[in-house]
Amino acid sequence: MVGINSLDAFSRSVRRAATFKNVRVVFHKITPGSDEETARDDGDAQRPTAAQNAQNTQSRMANEQTPLLDHGKPAPAEAQDCSIHLSQKMHRHSYLRIEALCKQRDETRSQQKEEDREPLLAKRVERHDGTFVDVIGGQSSLSQTIFNSSNVLIGVGMLSLPLGIRYAGWVIGLILLLTSAFVTKYTASLLAKCLDVDSSLANFADIAFVAFGEKGRVGTSVIFTLELVAACVSLVILFADSLDSLIEGPNDVHWKILCGCILAPLNFFPMRWLSFTSFLGIFCGIALIVITFVAGFLKSSSPGSLLDVATTYALPEHWKALPLSFGLIMAVWGGHSVFPNLYRDMKHPNQYGKGLSIIFSFVTSVDLVMAVLGYLMYGSNTLDEISTNVMKTDGYPQAVRVLVLVTIAIIPLTKFPLNCSPIISTLEVVFRIDPRAATIKPNRFNQSPFLTKLLKAIFRIVTTVVIVLIAIVVPSFEVISAIMGAGFCFLICVICPAVFHLKLFHGEIDRWQMILDWILIIVSTVLAIVGTAWEFLPKEWMGL
């Protein structure tokens, strides 16, 4: 299949979503008033026909669409339908930061290897002040964007949702889950609005840089790195817990070491190969729900049965444990770090709002099914991973346990290398062995091909080793999921988008929306602090 929604097109869309902020855009530079257009890069893209009338050059530049950058074929006409909004009321400091951002990209663009990037389309547009900027034109269809977003949101966090409902009870738990869905959908739309401040902005870090300067970008990078480390740790713990539940003998530490040995080689694979495994991630998430549902009808008595459901509570069974549910329920919405990338990669950005409605409706439905199934089947016996409940409960056919184990084992294989990739890239930049950093600040490591390759290999191995060690020190999947939800998801998914919105649009938004943003910031900050702090309190004090 070669259509826009073919398997290959979906795979390329996944790669762009995964590596968007590191991608190099090859474009043609057009000099106003000239009779020729010269290629800025030495790629194989074809030159467009030169403008015959210099008086029409500038007006044509605002709508110029370059060829497909890797094949030299004309860009699809649909891509020209995208309207680009350029802010007319930008704060002077924000405008200067945008200029600096464009300059940094221009200086480092030629340093990235061809095989490490997914070719993009580029447009040259005119700002309100008469200057021109080359911006990225999207290629993903609405269905591809929905798939990529769902693949990000449907992760291992949903395995802890039944435990979150157990701690909060049906009423408060479902209210928290639905409210978090509405709030994160709203803040996802705020990120798109912030990107529309200027068409050169491409990702979450760009918004932070324009809003708060270099400190904002550095702070965002630190938060994302910590979140990715926590996500990788959760995958190792999930893998080890699943094997430990089914196979007697080795303890969980041994299984975590084995997991590290299996996952470490995947960090050496090119991103374009790993993108194909992303399809398995969302499939395994849905498959796990189906397996759990079927298992509920294969057992006639509680616990673990849908024919004889467990005892559940409308309100928290232990009120002191209620704050533990904040992070567990919020953890399923940790996808806002890539929503700006997905928005920029849309062929028709005006469909982003429609896409968000479909995405959050689908993901919320999936999460609700998992939360309700798990809590109904196990009640007060619900563990931190619903998959562990299935494998530890007697009365199921052995095939059910094997299917759950296989499904759980596949998830780390699909997610771990993708989550590690930005961490490794950050290390390469910090130690100046990244090609872009090597050009700016050469040293004996980045000027030696052997030392560069050696350090890259060491970073990939050390990253896996550190993650496995953290997984051994923090053995509970519940703790790491709650910290991800309370410590990072509230910050990245609610607080940051609202703060960016207030900063960039201060004086332009109406009073009620400003009040709403401040309420979200204050409430989310309180829930994040309380939810994180509660994870370090003794469970005996809570009655658990």
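The values are calculated or read from the model by the stated rules, or taken from the named source; none is laboratory data. Being a predicted model, the structure only gives us computed values, none of them experimental. Ideal geometry is used to build each Cβ from the backbone, glycine not excepted, and the neighbour counts take in all protein chains shown. These accessible areas exclude ligands, DNA and RNA; they are computed on the full protein's heavy atoms, side chains included. Shrake-Rupley method; radii C 1.70, N 1.55, O 1.52, S 1.80 Å.
In what sequence, highest mean first, do 177-185, 386-394 appear when ranked by Cβ atoms within 10 angstrom? Display every interim value, and only then the final one.
Working: 177-185: 18.8, 386-394: 20.8.
For the peptides 177-185, 386-394, the packing ranking is 386-394, 177-185.
For the range 488-519 and the range 192-258, what is the separation of their C-alpha centers, rounded to whole Å?
23
With a/c under 1.5 counting as rounded, go ahead and sort the range 451-541 into rounded, prolate or oblate using the C-alpha gyration tensor (a ≥ b ≥ c being the square roots of the eigenvalues; past the cut-off, prolate if a/b is larger than b/c, else oblate). Can you show the working numbers first?
Values: a/c = 5.76, a/b = 1.50, b/c = 3.84.
It comes out oblate by the Cα gyration axes.
Please label the shape of the range 323-391 as rounded, prolate or oblate, based on the square roots a ≥ b ≥ c of the eigenvalues of the alpha-carbon gyration tensor (a/c under 1.5 means rounded; beyond that, a/b larger than b/c means prolate, else oblate).
Details: a/c = 3.27, a/b = 2.48, b/c = 1.32.
Cα axes put the range 323-391 in the prolate bin.
May I ask you to give the percent of accessible area on the range 281-425 that is carbon plus sulfur, with a probe radius of 1.4 Å?
Values: 3270 of 4960 Å².
Whole-percent figure for carbon plus sulfur exposure: 66.
Please state, as a whole number in µm²/s, the translational diffusion coefficient that the Stokes-Einstein equation yields for the range 135-221 at 20 °C and 1.002 mPa s, with Rh defined as the Kirkwood radius across alpha carbon pairs.
On the way: Rh = 15.7 Å.
For these conditions, the coefficient is 136 µm²/s.
Tell me the label-point distance for the pair residue 365, residue 182, using the 7 Å Cα-to-Cβ offset, in nm and rounded to one decimal.
With each label point 7 Å from Cα toward Cβ, the separation is 2.0 nm.
How large is the accessible surface of residue 476 in square angstrom, using a 1.4 angstrom probe and rounding to the nearest 10?
About 30 Å², ignoring ligands and nucleic acids.
Once the piece of chain linking residue 307 and residue 522 is laid out straight, how much longer is it, given 0.36 nm per residue of separation minus the C-alpha distance between them?
Working: separation 215, 0.36 × 215 = 77.40 nm, distance 4.32 nm.
Value of the extension gain: 73.1 nm.
Taking the Cβ-Cβ separation of residue 193 and residue 529 as r and a Förster radius of 30 Å, what is the calculated FRET efficiency to the nearest 0.05?
Details: r = 27 Å, r/R0 = 0.91.
That pair, residue 193 with residue 529, gives E of 0.65.
What FRET efficiency, computed as 1/(1 + (r/R0)^6) with R0 = 35 Å and r the Cβ-Cβ distance, is obtained for residue 513 and residue 314, rounded to the nearest 0.05?
Values: r = 34 Å, r/R0 = 0.98.
The formula returns an efficiency of 0.55 here.
Using only the Cα atoms of the range 162-281, build the gyration tensor, take square roots of its eigenvalues as a ≥ b ≥ c, and label the shape rounded, prolate or oblate: rounded if a/c is under 1.5, else prolate if a/b is larger than b/c, else oblate. Before the final figure, lay out the partial values.
Values: a/c = 2.45, a/b = 1.37, b/c = 1.79.
Note, shape of the range 162-281 comes out oblate.
Taking a quarter of the surface of the convex hull around the Cα atoms of the range 297-346, what do you get in nm²? Could the numbers behind the result be given before it?
Working: hull surface 26.3 nm².
Result: a mean projected hull area of 6.6 nm².
Set the Förster radius R0 to 30 Å, insert the Cβ-Cβ distance between residue 466 and residue 406 as r into 1/(1 + (r/R0)^6), and round the FRET efficiency to 0.05. Provide the component values of the computation, followed by the final result.
Values: r = 28 Å, r/R0 = 0.92.
The formula returns an efficiency of 0.60 here.
Would you mind working out the accessible area per residue for the range 236-371, using a 1.4 Å probe, and quoting it in Å²?
On the way: 5420 Å² over 136 residues.
Dividing the accessible area of the range 236-371 by its residue count gives 40 Å².
Between residue 541 and residue 214, what length in nm is gained on full extension when 0.36 nm per residue of separation is reduced by their alpha carbon distance? Intermediate results must be reported in sequence, preceding the final value.
Values: separation 327, 0.36 × 327 = 117.72 nm, distance 4.34 nm.
Extra length from residue 541 to residue 214 when fully extended: 113.4 nm.
Please report, largest first and rounded to whole Å, the three semi-axes of the ellipsoid equivalent to the range 358-422, where each semi-axis is the square root of five times an eigenvalue of the C-alpha gyration tensor. Don't jump to the answer; show the numbers that get you there.
On the way: eigenvalues 112, 74, 23 Å².
Whole-Å semi-axes of the equivalent ellipsoid: 24, 19, 11.
Using 25 Å as the Cα-Cα cut-off, could you pick out the over-long pairs in 347/456; 256/456; 299/392? Display every interim value, and only then the final one.
Numbers: 347/456 35 Å; 256/456 23 Å; 299/392 14 Å.
347/456, as the Cα separations exceed 25 Å there.
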